Every structure is written in C-alpha cells, then in structure tokens.
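K.L.:
Attaching a single structure in structure tokens format; questions to follow.
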Amino acid sequence: MDRYKICVIKGDGIGPEIADEAIKVLDSVSAKFGFGLDYEYFLMGGAAIDVFGVPLPDDTLNAAKASDAVLFGAIGGPKWDNLDPSIRPEKGLLKIRKELEAFANLRPAIIFDELINASTIKPEIIKGVDVLIVRELTGGLYFGEPRAIGKDKAYNTMVYSRSEIERIAKVAFVAAGKRRGKLCVVDKANVLETSRLWREVVDAMAPSYPDVSVEYMYVDNAAMQLIRNPRQFDVILTENLFGDILSDEASMVCGSIGLLPSASVGSKVGIYEPIHGSAPDIAGQGIANPIAMILSAAMMLRYALGQETAAMAIENAVKAVLKDGYRTKDLASFDAKEICTTSEIGTIISDYIKKA
Ligand code: NAD
C-alpha cells in the first residue's frame, strides 16, 4: 500500500476547525482507495508564537521539507497584530513558502451550479465560470528589498527577475495547454517596469506553446472584467500582490470565500491551503465553511500524491452535498435544505464518499 507523509499545520482562528474536517474527508478517501496517510502535526503562525516565540519554528520547517505535502489551514489574528513585524504570524507563512520554493499559487475559481444564487452577480453572467488564477507567490512587493517604515516615510520594493517570471509563466502556459488554451497576463505595464519585463518574458516564451493564445490586461481592467464577464477568462497569470487581490475578488464571484482552495507548488514540497484567512470573527463557533480546505486536500491528492481518482471522489462528494442542499452558515440563504456546523458538513461529505 502506498503511504504518504503529510505535514499538517492547522494554524490559528478557524484553521484547526477546518483542518479537522479535511482530515476526516481524507481518511474516507484513503480507506476507500487503498492508500495510507501519515499525519504529523506542527505549529506555525500565532500558535507557534505563543509556544516558541517565533512564527515558523525550525521543527515545522524541517518537517515540511521532509514531507510529501503540507496541508495548511490559516494563520493570524488580532492577538498577534501588534507584535514586531519581524515575528508576526504572516512572516511564518511567507518564509515557509520561500523555503519550500512554492512559487506558484494555483487558485481555481469554479461556479458550482448548485450555488449559482450565492453569488452577488447575476446567474446568467457567472454560469459556467471556470478560471484558474496562477499567482506568483515568492516575489514582488511582499518580498522585495529594500523595505522600511520610518516616522514619516515608508517604502516597499517590487522586484522580479527574468528567471522568476519564466518559471511561473511556464506553470501557467502548461496549465492553459491542458485547459481551454487561453492565457491572460494581468499586469500594470503602463506604469510598472516589472510588468514590462513580465510581458517581454511571456512574449519570448509564447512560441513554445503554440496551442495557447496570450493576451495582456491591466489589473484595474481585469478587476472590472472579472465582475463584468468572468467567463472570458481561462487561465490568469499575475504577480503576487495583484493575484492576492484578484483571487479574493474571484471568490466572491463564486459566492463565498469559504469555497476556494489553492495549491502552492514549485520545485519542492507543495502547500495546500484555502485562499481565505483565519477568520477570527467566526473562530470557535462551529460555523466556518470547511469546503475550501477540503477541496485543498483534493488538490493535494491530485498534485502531490498523484491520487487523481481520490481527488475527484472528494470533488464529486462536495458537489453532491451542495446539490442536496447542505450548507454552512455563510451559504445559508442560498437554496439551503439544512444548515450544518463545520463538523457536520465534514461528516456529510465524508459519508457521501463512503457511500458513492
Ligand atoms: P479572512 O479571509 O480570514 O476573513 C474575511 C471574511 O471572510 C470574514 O468575515 C470571515 O468570517 C469570512 N470567512 C473566511 N473564511 C471563511 C470560511 N471558511 N467560512 C465562512 N466564512 C469565512 O480575512 P481577514 O479577516 O482579512 O483576515 C483575518 C486574519 O487572517 C488576519 O490575521 C490575516 O492576516 C489572516 N490571513 C491569513 C491568511 C493565510 O493564513 N493564508 C490569508 C489571509 C489572511
């Protein structure tokens, strides 16, 4: 029997609640499809600061590096907001992404027909939306040096090298080639030099991918087009900050931020995490939607472990559960038959997998 070592980092806020549901569902598929998952639990973010005084302890990083995949909930919260920036929870996440060279964040945004009324956008605009956002994750403004804050002046630096752009663009070209063959590069080339280098690099690579058509769009226009006509997009390739913002926008096109999974992959171990944060406003109440986390676990099975059938079993169970009207509170007003707690919806999805 194949066995895989999974480094689980539950994190803060709703992180532990939703991670438990993902593990429940993973246990169902692993039993059903005959492979083993060995979970090892480690701290990061606020939980690690409380115990070790640092957001990413060496033990966590070493375990992540030695694992087959990292399953991660979310980190952060008001309790740690006033700490020195060098040890804030987010530092841990940025560092683990960098150390694992997880430079490509894949964020699918798909409309579930069953939840078409959950979006604030008209059903006829969003029906059939299936966008993959490929966000550069380890460069740009979030990492650029120099950076500083003084009393009356602060600055950050947006920097990208040719090789950083090439490796993320390759991920996007390959993904587009396996989908509908449309790549939209989102940038701000009318203002930013980094964007102009992105265009130069992507233009130079395009002839190697003859089945993929490339278009460029300014980020302000892209933000508008995602709402106006989201179906026009297949794969969106963009840098770190723009991708962070556009993928949250895409989540609301889909209805709830609690639905969208992501995979952060690169040359080493991948990190599988929902796109949302630790939602401290609802933590501990049993009302968080675990579906983004559960679908992130499905991405882990697909991309890290090669367990495509098991990944599809999770995705089909999620669709079936939504079709049958089970909802967490965030989706309560949309064709709900039964409002479930975080744990209940995890159990229902898990049971659907067992029965399918
Ligand atoms: P957030 O994504 O945590 O929450 C935004 C809103 O969406 C909140 O109203 C929240 O209740 C709701 N929400 C989020 N996930 C949900 C779910 N699964 N089910 C139902 N509702 C959900 O963003 P925020 O409020 O800006 O940030 C809160 C904390 O999370 C901050 O400390 C921030 O730094 C951190 N954060 C962490 C990550 C990460 O760990 N990857 C990402 C973003 C933000």
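K.L.:
Looking at 232, 285, can you tell me which residue is in contact with a Cys (Cβ under 9 Å, 6 or more places away or on another chain) and open to solvent by 10 Å² or more (accessible area, probe 1.4 Å)?
P.N.:
Numbers: 285 fails: in contact with a Cys (Cβ under 9 Å, 6 or more places away or on another chain).
The unique qualifying residue is 232.
K.L.:
On the given criteria, is residue 356 modelled with pLDDT under 95 and of a type in the set (Gly, Ala, Ser)?
P.N.:
So residue 356 passes the test.
K.L.:
Could you tell me which residue of the range 1-20 is farthest from the ligand (Cβ to nearest atom), considering only residues that are open to solvent by 10 Å² or more (accessible area, probe 1.4 Å) and not in a loop (DSSP other than H, G, I, E, B)?
P.N.:
The residue in question is 3.
K.L.:
If you don't mind, there's one more thing I want to ask. Testing residue 304 on (1) closer than 22 Å to residue 44 by Cβ; (2) touching a helix residue (DSSP H, G or I) at 6+ places or on another chain (Cβ under 9 Å); (3) among the aliphatic types (A, V, I, L, M), one condition comes back false. Which one is that?
P.N.:
(2)
K.L.:
Please pick out the residue among 38, 81 that is free of Cβ contacts under 8 Å to residues at least 60 places away in the same chain, acidic (Asp, Glu) and within 10 Å of the ligand (Cβ to nearest atom).
P.N.:
Just one listed residue meets the conditions, 81.
K.L.:
Find the helices (runs of 4 or more DSSP H) located wholly in the range 221-329 whose residues include 3 or more that are under 24 Å from residue 195 (Cβ atoms), and list them.
P.N.:
By residue number, 240-254.
K.L.:
Still on this model: Tally up the residues in the range 42-54 that are on the phi > 0 side of the Ramachandran plot and either within 12 Å of the ligand (Cβ to nearest atom) or surrounded by 23 or more Cβ atoms within 10 Å (Cβ to Cβ) (or both), please.
P.N.:
Summing the residues that are on the phi > 0 side of the Ramachandran plot and either within 12 Å of the ligand (Cβ to nearest atom) or surrounded by 23 or more Cβ atoms within 10 Å (Cβ to Cβ) (or both) in the range 42-54 gives 1.
K.L.:
Could you go through the range 55-66 and let me know if any residue there is open to solvent by 20 Å² or more (accessible area, probe 1.4 Å) and either touching a strand residue (DSSP E or B) at 6+ places or on another chain (Cβ under 6 Å) or touching a residue at least 40 places away in the same chain (Cβ under 8 Å) (or both).
P.N.:
Yes, the range 55-66 has at least one match.
The values are calculated or read from the model by the stated rules, or taken from the named source; none is laboratory data. What you are looking at is a predicted structure, and each value in this text was computed from that prediction instead of being measured. Every residue, glycine as well, gets a Cβ built from its backbone with ideal geometry; the counts of neighbours run over all protein chains shown. All accessible areas refer to the heavy atoms of the entire protein, side chains included, with ligands and DNA or RNA removed. Shrake-Rupley method; radii C 1.70, N 1.55, O 1.52, S 1.80 Å.
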